[in-house]
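Colleague: Submitted below is the structure of interest, expressed as structure tokens.
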Amino acid sequence: MTRFLHTSDWQLGMTRHYLKEGEQGTFALARFDAIRKLGEIAAAEGCEFILVAGDVFDSNQVDRRTVLRALEALAGVPVPVYLLPGNHDPLNEAAVYRSQVFLDKKSDNVYVIENEEPIEVSKGVEIIGTPWPAKKIVHDPVAKACSQREPAKGVRICVTHGIMDTLSPDKEDPSLIIQKDAEKLIDDGIIHFLAIGDRHSVTKVGSTGRIWY
């Protein structure tokens, strides 16, 4: 059995304007401490890796100190960590993931999902990611990444970021993830689990038990 830890929406570098002077620093440090705690949980639970399903950083304009503190915390995680760029931190030319400080200081256990090509994380286990190339997209990211693929020979996990159509009030949003299509991908063995970010809460979608925020 493959065990991994699924998380998302850390939004490191976020500013809470309602916090009093001095409280913002405490708030920021708590988020870096949470990364270390996730590493402890992953080790205790025997997880092979951690998936961060988008919005690792609050924006691509976070300061150098935030990036350094994030990388310091990630370096202490005892398993590989796969980071998916989301709508807050898309993988464009100004991406924090392409900044010199990130590239220079990133530890070997940290991987940025840069395209939709399968990533073999261990023998018989692969990830397909759907990194956002911009702050807005006009397609179902899961369908784009997975609909033309053959059934998986081993375990295949899709990690994505966005809104499921069954949870959105805006049914005309072109970036919606279509639940029935995602469930068919699971039924057909194209993917075995869909890990989603964006909702900021643990949410099971549908009845398969294999689609979660």
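The values are calculated or read from the model by the stated rules, or taken from the named source; none is laboratory data. Remember, predicted model here, so these are calculated numbers, not experimental data. For neighbour counting, all protein chains shown are included, and Cβ atoms are generated from backbone atoms with ideal geometry for every residue, glycine included. When the accessible area is computed, the model is the full protein with side chains, heavy atoms only, and any ligands, DNA or RNA have been set aside. Shrake-Rupley method; radii C 1.70, N 1.55, O 1.52, S 1.80 Å.
Colleague: For the range 17-165, give the magnitude of the charge dipole about the Cα centre (Cβ charges: +1 Lys/Arg, -1 Asp/Glu; no others), in debye to the nearest 20.
Modeller: 120 debye
Colleague: In addition: Out of the total accessible area of the chain (probe 1.4 Å, heavy atoms of protein only), what percent is carbon and sulfur?
Modeller: The computed percentage sits at 50.
Colleague: Among ASN109, ILE41, THR66, which residue has its Cα positioned farthest towards the positive end of the charge dipole of the range 1-139, with +1 placed on the Cβ of Lys and Arg, -1 on the Cβ of Asp and Glu, and the dipole taken about the Cα centre?
Modeller: The residue sitting most towards the positive pole is THR66.
Colleague: When only the heavy atoms of the protein chains count and the probe is 1.4 Å, how do MET1, MET164 rank by accessible area, highest first?
Modeller: Output order, biggest surface exposure first: MET1, MET164.
Colleague: Each residue of the range 98-104 in turn: what ³J(HN,Hα) in whole Hz from Karplus with 6.51, -1.76, 1.60 and θ = phi - 60°, glycine and Pro shown as x?
Modeller: Karplus-based 3J(HN,Hα) across the range 98-104 equals 9, 6, 5, 5, 5, 5, 6 Hz.
Colleague: Helix 23-44 against the longest principal axis of the chain: what's the angle in degrees, Cα atoms only, rounded to the nearest 10?
Modeller: In the chain, helix 23-44 runs at an angle near 50 degrees to the longest axis.
Colleague: Once every DSSP H run of n ≥ 4 in the chain is given -39500 (n - 2.57) and the sum is divided by its residues, what mean residue ellipticity at 222 nm do you get, rounded to the nearest 500 deg cm²/dmol?
Modeller: So the calculated ellipticity at 222 nm is -8000 deg cm²/dmol.
Colleague: Follow-up. Could you tell me the accessible area of ASP63 in Å² (1.4 Å probe, neighbours in place), rounded to the nearest ten?
Modeller: Here the accessible area works out near 80 Å².
Colleague: A further question follows. Write down the accessible area per residue of the range 1-136 in Å², having rolled a 1.4 Å probe over the full set of protein chains.
Modeller: Each residue of the range 1-136 exposes 52 Å² on average to a 1.4 Å probe.
Colleague: Turning to a different aspect of this structure: Could you put HIS161, HIS192 in order of accessible surface area, largest first, with the 1.4 Å probe and the full protein assembly present?
Modeller: The ranking, largest first, comes out as HIS192, HIS161.
Colleague: Can you order the peptides 76-89, 26-39 by their average number of other Cβ atoms within 10 Å per residue, highest first?
Modeller: Going by the mean number of other Cβ atoms within 10 Å, highest first, we get 76-89, 26-39.
Colleague: How would you rank 141-149, 3-11, highest first, on the average number of other Cβ atoms within 10 Å across their residues?
Modeller: Sorting 141-149, 3-11 by mean packing, highest first, produces 3-11, 141-149.
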